[in-house]
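**Student:** Got a structure for you, written out below as structure tokens; questions coming shortly.
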Amino acid sequence: MSKNIIEVKHLSKSFDISSKEQGLKGTLKHFFRRQTKSLKVIKDINFEIKEGEIVGFLGANGAGKTTILKMLCGLIYPSEGSIIVSGSLPFRRKENFLKNITLIMGQKQQLIWDLPPIESFYLNASIYDLDKFEAKRRIKKLSDMLEIDDELFIPVRKLSLGQRMKSELLAALIHEPNILFLDEPTLGLDINAQRNLRKFLKKYNKETNATICLTSHYMKDITSLCQRVICVQNGSISYDGKLDLLLKRLSPVKEILIVCHSEKDATKLEESGFSIKNKTKNEITIKIENNLFTSALKTILNNFDIKDLYINEPPVDEIIGKILIKKDYDI
Amino acid sequence: MISNSINRKIITLLKVQYSNMLEYRVEIGLWAISGIIPFFMLNIWTNNNLNESINISDVMLSRYFLCAFFVRQFSVVWVVFSFEEDSLMGKVSPYLIQPLNPFIRYFAQHIAEQITRFPFALIIAFFFFIFNPESIWIPNLGILLLSIISTFLSFIIQFLIQSIVACLCFWTEKASSIERLLFIPTLFLSGLLAPVASFPEYVKSWIYLTPFPYLIDFPANLLSGNQTSVFGGFSMQILWIFLLFPVFRKIWSAGTKKYTAMGS
């Protein structure tokens, strides 16, 4: 049984936001009497994450996912509540804690722009107290895993986004952290680069048993990496559990496309009491609730003479999109 | 063990930052040339015989301004602008979660830049001596060493002042505007435009209580061989470092609690 590596209790975060009315009058008013209000962006959340888990944080833009990650890695100070990560209070940013974690933000780079990535790697290695031989060994190992080689010696400014992202990952993982905080790591990458990055993260998790907390708007990142998801809505957690269960809950029906031998057969099926989505000539699409699926399928196969049958699962993007589009979606 | 690790970090930082600075060698050459304000000031002083009013010879005055140029070259600080930009662009965030204070990075950047500037400063000094051959002198080794130390202390004072101002980025996005306010007393009271000795007595008495005359006037006087209190100058430099460092620590600690990781 793995132990908890992250424990969050009654965590809240408020930011002071200044607001300005439109127009010259608003500008002058803003200049002489600035009005600020406190906005609670994270509201009393609780969760635990076990060692080696890969957890995806889902939510619309501005829901509070990134703020949670920033508090978990110690970048910003919580307003209320407590966070314990790897036995430490993140915000104290003690050396031992910092050596255990890493934060990767898509499109935000720590590599030195005008130098080849290899220079940044050795710099990071010395910051994390690795000697030259150990640094060389880890660079070799990670560059093999990430499939980068010649790119290590080309100035960062001349690398493609995908190559840069791989180099960023290498720089962020050179100290072999146990906990990875990834904020939109595949942002802007092409499909192949996204797939390679996911493959790498899976491998890294398998080989090192590292815990990974991930936010992404690419559902493929979530479905291929995370068994567990935490849905964040308006700063609160609306769901924390297995991804499969969430999908079932959000999409309680399956669709079956049935190809009949004739239009007459299709009409017969239409009149048999199933919920019909659409019908064209000898093709008919019916919707069946998940819990009735097996019995309904038996009925169709036993009572109707059908030519072909296709079961359609609604796309994950569409299901998760319901959470992202409608901020107050009831999960 | 700990100091070995810190030394290794600093040496690697310096090597990497030096490589980075060499990518900008042309720009650094231009920056070095842009620091020739003291030579313009020298011209104004000598053409108007202003040096007579403070009992300093033409030769000593030209040596003073050459030394002021050198001190300025090796103590110029821009950390507030770097930190402000990094802060606004969200680049500070990855630095904050590394076991190294980001200001050590900026410190290494400055040192690397000073090393890159060195040959350009020598070339400018060479041309200065061609046009002012009477000013050529060779300071003794002890004086040279003390001047290097006082220039380095001057750099640390300026670095600390600007770092304190830079930390205000945690509260206001445009901390560099506060630095611009500080630039005015730095320009007038540091000895860059005129030796502090040229100020009226009652003004001098309070100028010497501020950190400004120890930024350029003191190291430049020391190197050029003008009369100055070596013990008093060093004491004040060290005192200001001891006063400013805890202020920096305090404001850094308070600022990071206020940090919102904007832009990242």
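**Student:** Pairs needed: first member in region B:239-264, basic (K, R); second member anywhere, part of a helix (DSSP H, G or I) and modelled with pLDDT under 95; C-beta distance under 7 Å; at least 6 residues apart or different chains.
**Tutor:** The qualifying pairs are B:K258/B:F170.
**Student:** Tally the residues that are hydrophobic (A, V, I, L, M, F, W, C) and more than 9 Å from chain B (Cβ to nearest Cβ), restricting the search to region A:65-96. Lay out the reasoning, then the answer.
**Tutor:** Step one: list which residues in region A:65-96 are hydrophobic (A, V, I, L, M, F, W, C), which gives A:68-69, A:71-73, A:75-76, A:83-85, A:89, A:91.
Subsequent filtering for residues that are more than 9 Å from chain B (Cβ to nearest Cβ) retains A:68-69, A:71-72, A:83-85, A:89.
The qualifying residues number 8.
**Student:** How do the pairs read when you match residues in region A:210-233 that are more than 16 Å from A:D244 (Cβ to Cβ) with residues anywhere that are assigned to a loop (DSSP other than H, G, I, E, B) and among the β-branched types (V, I, T), using Cβ under 6 Å and keeping only pairs 6 or more apart or on different chains?
**Tutor:** Here the result reads A:Y218/A:T186; A:D221/A:T186, each pair linking region A:210-233 to a residue that is assigned to a loop (DSSP other than H, G, I, E, B) and among the β-branched types (V, I, T).
**Student:** Now, a different point. I'd like the residue in region B:99-124 that is surrounded by 16 or more Cβ atoms within 10 Å (Cβ to Cβ) and farther than 25 Å from A:L123 by Cβ and, out of all such residues, is nearest to the chain's Cα centre (by Cα).
**Tutor:** B:A121
**Student:** Which residue is farthest from the other protein chains (Cβ to nearest Cβ), if the candidates are limited to region B:83-100 and must be among the polar types (S, T, N, Q) and touching a residue at least 60 places away in the same chain (Cβ under 8 Å)?
**Tutor:** Narrowing region B:83-100 to residues among the polar types (S, T, N, Q): B:87, B:93, B:98.
When the remaining residues are screened for being touching a residue at least 60 places away in the same chain (Cβ under 8 Å), the result is B:87, B:93.
Values: B:S87: 13, B:S93: 6 Å.
Looking at residues that are among the polar types (S, T, N, Q) and touching a residue at least 60 places away in the same chain (Cβ under 8 Å), I get B:S87.
**Student:** Criterion first (out of contact with any strand residue (DSSP E or B) (no Cβ under 8 Å at 6 or more places or on another chain), over 30 Å from A:L159 (Cβ atoms) and within 8 Å of another protein chain (Cβ to nearest Cβ)) does A:E119 satisfy it? Steps first, answer last, please.
**Tutor:** Values: out of contact with any strand residue (DSSP E or B) (no Cβ under 8 Å at 6 or more places or on another chain): yes; over 30 Å from A:L159 (Cβ atoms): no; within 8 Å of another protein chain (Cβ to nearest Cβ): yes.
Criteria not met by A:E119.
**Student:** When you scan region A:1-27, how many residues do you find that are part of a strand (DSSP E or B) and either among the aliphatic types (A, V, I, L, M) or exposed (fewer than 11 other Cβ atoms within 10 Å of the Cβ) (or both)?
**Tutor:** Here the count works out to 7.
**Student:** Hey, among the residues in region B:144-176 that are not in a helix (DSSP H, G or I) and not hydroxyl-bearing (S, T, Y), which one's surrounded by the most Cβ atoms within 10 Å (Cβ to Cβ)? Talk me through it step by step, then tell me what you get.
**Tutor:** Just the residues of region B:144-176 that are not in a helix (DSSP H, G or I), to begin with: B:171-175.
Adding the requirement that they be not hydroxyl-bearing (S, T, Y) leaves B:171, B:173-175.
Details: B:W171: 11, B:E173: 14, B:K174: 12, B:A175: 21.
Step by step, filter region B:144-176, then rank; the result is B:A175.
**Student:** Take the residues of region B:13-61 that are within 21 Å of B:E113 (Cβ to Cβ) and either among the acidic types (D, E) or over 23 Å from the mean Cα position of the chain (by Cα) (or both): which is nearest to the other protein chains (Cβ to nearest Cβ)?
**Tutor:** For region B:13-61, the residue satisfying everything is B:E23.
**Student:** Only one of these is closer than 30 Å to B:P94 by Cβ and of a type in the set (F, W, Y): B:F212, B:F245. Name it.
**Tutor:** On the way: B:F212 fails: closer than 30 Å to B:P94 by Cβ.
After ruling out the rest, the residue left standing is B:F245.
**Student:** Is it the case, given these coordinates, that B:M60 is out of contact with any Phe, Trp or Tyr (no Cβ under 9 Å at 6 or more places or on another chain), touching a residue at least 12 places away in the same chain (Cβ under 8 Å), surrounded by 15 or more Cβ atoms within 10 Å (Cβ to Cβ) and within 23 Å of B:L222 (Cβ to Cβ)?
**Tutor:** Answer is yes for this residue.
**Student:** Oh, and also: State whether one or more residues within region A:245-258 are in a loop (DSSP other than H, G, I, E, B), on the phi < 0 side of the Ramachandran plot and touching a helix residue (DSSP H, G or I) at 6+ places or on another chain (Cβ under 9 Å). Break it down stepwise before answering.
**Tutor:** Going residue by residue through region A:245-258, those that are in a loop (DSSP other than H, G, I, E, B) are A:251-252.
Next, from what is left, pick out any that are on the phi < 0 side of the Ramachandran plot: A:251-252.
Subsequent filtering for residues that are touching a helix residue (DSSP H, G or I) at 6+ places or on another chain (Cβ under 9 Å) retains A:251-252.
The answer is yes, given that some residue of region A:245-258 is in a loop (DSSP other than H, G, I, E, B), on the phi < 0 side of the Ramachandran plot and touching a helix residue (DSSP H, G or I) at 6+ places or on another chain (Cβ under 9 Å).
**Student:** Is it true that some residue in region A:308-318 is of a type in the set (F, W, Y) and loosely packed, with under 14 Cβ neighbours inside 10 Å? Show your work before the answer.
**Tutor:** Start the filter on region A:308-318 by keeping residues that are of a type in the set (F, W, Y), which leaves A:310.
Adding the requirement that they be loosely packed, with under 14 Cβ neighbours inside 10 Å leaves A:310.
Looking through region A:308-318, at least one residue is of a type in the set (F, W, Y) and loosely packed, with under 14 Cβ neighbours inside 10 Å.
**Student:** Another question, then. Within 14 Å of another protein chain (Cβ to nearest Cβ), small (G, A, S) and within 24 Å of the chain's Cα centre (by Cα): is that true of B:S75 in this structure? Working first, answer last.
**Tutor:** On the way: within 14 Å of another protein chain (Cβ to nearest Cβ): no; small (G, A, S): yes; within 24 Å of the chain's Cα centre (by Cα): yes.
No: the conditions fail for B:S75.
**Student:** Kindly provide the set of residues from region A:97-111 that are assigned to a loop (DSSP other than H, G, I, E, B) and either more than 9 Å from chain B (Cβ to nearest Cβ) or modelled with pLDDT of 90 or more (or both), ordered by number.
**Tutor:** So in region A:97-111, the residues assigned to a loop (DSSP other than H, G, I, E, B) come out as A:99-100, A:106-111.
Those that are assigned to a loop (DSSP other than H, G, I, E, B) and either more than 9 Å from chain B (Cβ to nearest Cβ) or modelled with pLDDT of 90 or more (or both): A:K99, A:N100, A:G106, A:Q107, A:L111.
The values are calculated or read from the model by the stated rules, or taken from the named source; none is laboratory data. The structure displayed is predicted, hence computed values, not measured ones. Ideal geometry is used to build each Cβ from the backbone, glycine not excepted, and the neighbour counts take in all protein chains shown.
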